[in-house]
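Presented below is the structure to which this report refers.
The values are calculated or read from the model by the stated rules, or taken from the named source; none is laboratory data. Only a predicted model underlies this, so the values are computations on that prediction, with no experimental measurement involved. For neighbour counting, all protein chains shown are included, and Cβ atoms are generated from backbone atoms with ideal geometry for every residue, glycine included. Just the protein is used for accessible areas: all its heavy atoms, side chains included, with ligands, DNA and RNA removed. Shrake-Rupley method; radii C 1.70, N 1.55, O 1.52, S 1.80 Å.
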Amino acid sequence: MQTRIPEHIRETVAGAEAESILRNCVHCGFCNATCPTYQLLGDELDGPRGRIYQIKDVLEGGEATRRTEKHLDRCLTCRNCETTCPSGVEYGRLVDIGREWVEARVARPWSERLARRALRTLIPEPRRFRVLLGVGRLARPVLPPGLRRRIPERQPPGTWPAPRHGRRLLCLTGCAQPAMAPRTDAAAARIVDAVGVSLIAAPAGCCGAVDQHMAAPEAARARMRANIDAWWPELEAGAEGILVTASGCGAQVRDYGRLLADDPEYAERAARVSEAVRDPVEVVTAEELAALRPDPAPRVAVQEPCTLQHGQRLGGRLTALLQGAGLETVPVAEGHLCCGSAGTYSLLQPGLAGQLRERKLGHLTAGEPALIATANIGCQHHLEAASPVPVRHWLELFDPEGVA
């Protein structure tokens, strides 16, 4: 793709990166074939190719408008298009740059500004989020059924084994997951403890994804630096890596090296942190899990999150791992398509997110599974709010203390 981006933009880090990404695009349109919003809306501007043209236009000096903002907002950042693209276009990074550029030039209505600010203020802060969720749980009995199902019931985490092994992994506990599903990380600790690895809960906070994908890159970078500072002493002391049980957070932390590449103080450590990230499917083997398999083993539908498939390029690993451990998995059509959660997307774009969820649940439940297994807290919560069968993080299926 030919570009005519002004020199003063090309000389910036983001501008140079955007131009490099744009020049890889060959206009083929393969991306639209696997884009969830294009499948729903059939609008070229709501597919990756159309959004690429819009970003290119504003970077070349075209006017950024509310219409531009609307179409960029509708993108899930699922990155399915990256997996499909034959030219290696890094669309996810490009759409982040495009959103930042448009956000700085288009005034949103006050209601949108307030909603986005509230999400960035509440979700990434564990204490605030825990208080908000606690209030919701108190009000749960009197809420309408639709809203009631969006508030998860309190879940006991169970015991977290004390460190006792020579091998150690750090654990990113994150922001929303400790309040919504505290059993996930505790189950991970029990599982890896059973196979000879101690899991250490590191004093880190939000991975930065909420800010990053809501056009607040400096706030995201501040969170990244804080996490690197928190992890660094343990990594230097011999921790083998950082286990991230939420695939959305894992995809973000794997990007720290690139997102902080221009930071002279943090670039080298950020690159090492990115290399240290481990998803649970990379840590335990099918043979190790088989020894922890529940009896009787449930019939499972596997929802592999976009952040696992396309963000971390680990597509197929979860299904293969569960099958290798002896679980019966049912066939799931359109397994590559997003469920509609996509971080804050389900809150900001509830109509589209609801349609995608209905479509996804139709495929997941077609084989009559006993439960749905996923690998990301956002997907788990979004699907469970409308699912006729339980939705669990797959780690809970092998938890030595049993499924909650």
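Of all residues in the stretch 149-189, those satisfying the criterion of being in contact (Cβ under 8 Å) with a residue 60 or more places away in the chain and of a type in the set (D, E, K, R) are Arg149, Arg150, Arg167, Arg168, Arg183, Asp185.
Could you list all residues from the stretch 369-404 that are polar (S, T, N, Q) and within 14 Å of Thr307 (Cβ to Cβ)?
Hits for the stretch 369-404 are Thr374, Asn376, Gln380.
Restricting Glu288, Glu328, Glu265, Glu275 to those that are among the charged types (D, E, K, R), out of contact with any strand residue (DSSP E or B) (no Cβ under 9 Å at 6 or more places or on another chain) and more than 28 Å from Cys206 (Cα to Cα) reduces the list to Glu288.
Restricting attention to the stretch 350-360, the residues being open to solvent by less than 50 Å² (accessible area, probe 1.4 Å) and either closer than 15 Å to Arg150 by Cβ or at pLDDT below 95 (or both) number 3.
Which of the residues belonging to the stretch 105-126 are farther than 23 Å from Cys249 by Cβ and open to solvent by 80 Å² or more (accessible area, probe 1.4 Å)? Result: Arg105, Ala107, Trp110, Arg113, Leu114.
Among the residues making up the stretch 127-148, those that are among the hydrophobic types (A, V, I, L, M, F, W, C) and open to solvent by less than 50 Å² (accessible area, probe 1.4 Å) are Phe129, Leu133, Ala139, Leu143. Taken over the stretch 309-318, the residue count meeting the criterion of being part of a helix (DSSP H, G or I) and crowded, with 21+ Cβ neighbours inside 10 Å is 4. For Arg272, the conditions (1) surrounded by 21 or more Cβ atoms within 10 Å (Cβ to Cβ); (2) more than 20 Å from the chain's Cα centre (by Cα) all hold with the exception of (1).
Condition test on Val26, is it outside any helix (DSSP H, G or I) and touching a Ser or Thr at 6+ places or on another chain (Cβ under 6 Å)? For Val26, the condition - outside any helix (DSSP H, G or I) and touching a Ser or Thr at 6+ places or on another chain (Cβ under 6 Å) - is met.
Among all residues of the stretch 303-312, there is at least one that is of a type in the set (D, E, K, R), under 30 Å from Leu41 (Cα atoms), in contact (Cβ under 8 Å) with a residue 24 or more places away in the chain and in contact with a Ser or Thr (Cβ under 9 Å, 6 or more places away or on another chain).
If I ask for residues that are in a loop (DSSP other than H, G, I, E, B) and either over 27 Å from Val284 (Cβ atoms) or of a type in the set (Phe, Trp, Tyr) (or both), which ones from the stretch 189-236 would you list? Matches in the stretch 189-236: His213, Met214, Ala215, Ala216.
Can you find a residue that is closer than 30 Å to His213 by Cα, open to solvent by 10 Å² or more (accessible area, probe 1.4 Å) and charged (D, E, K, R) anywhere in the stretch 367-374? Within the stretch 367-374, none of the residues are closer than 30 Å to His213 by Cα, open to solvent by 10 Å² or more (accessible area, probe 1.4 Å) and charged (D, E, K, R). The numbered conditions (1) more than 23 Å from the chain's Cα centre (by Cα); (2) closer than 22 Å to Ala107 by Cα are all true for Asp43 except (2).
Out of the residues in the stretch 266-284 that are touching a residue at least 60 places away in the same chain (Cβ under 8 Å) and not in a helix (DSSP H, G or I), which is nearest to Ile191 (Cα to Cα)? Restricting to residues being touching a residue at least 60 places away in the same chain (Cβ under 8 Å) and not in a helix (DSSP H, G or I), the top hit is Val284. For Asp263, the criteria (1) open to solvent by less than 20 Å² (accessible area, probe 1.4 Å); (2) part of a helix (DSSP H, G or I); (3) more than 21 Å from Thr77 (Cβ to Cβ) hold in every case but one, which is (2).
To keep it simple, each residue is scored yes or no on (1) small (Gly, Ala, Ser); (2) open to solvent by 20 Å² or more (accessible area, probe 1.4 Å); (3) modelled with pLDDT of 95 or more; (4) under 17 Å from Cys249 (Cα atoms).
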residue	(1), (2), (3), (4)
Arg150	no, yes, no, no
Glu153	no, yes, no, no
Thr173	no, yes, no, yes
Pro178	no, yes, no, yes
Ile191	no, no, yes, no
Val197	no, no, yes, no
Ala202	yes, no, no, yes
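On the basis of being within 16 Å of Asn80 (Cα to Cα), open to solvent by less than 50 Å² (accessible area, probe 1.4 Å), among the acidic types (Asp, Glu) and in contact with a helix residue (DSSP H, G or I) (Cβ under 9 Å, 6 or more places away or on another chain), does Glu304 make the cut? Spelling it out, Glu304 is indeed within 16 Å of Asn80 (Cα to Cα), open to solvent by less than 50 Å² (accessible area, probe 1.4 Å), among the acidic types (Asp, Glu) and in contact with a helix residue (DSSP H, G or I) (Cβ under 9 Å, 6 or more places away or on another chain). Taking the stated definitions as given, is Ser387 over 14 Å from the mean Cα position of the chain (by Cα), over 13 Å from Ser247 (Cα atoms) and surrounded by 18 or more Cβ atoms within 10 Å (Cβ to Cβ)? Here the answer is yes, as Ser387 does meet what is asked.
All of (1) surrounded by fewer than 16 Cβ atoms within 10 Å (Cβ to Cβ); (2) touching a residue at least 12 places away in the same chain (Cβ under 8 Å); (3) not β-branched (Val, Ile, Thr) hold for Ala16 with one exception: (2).
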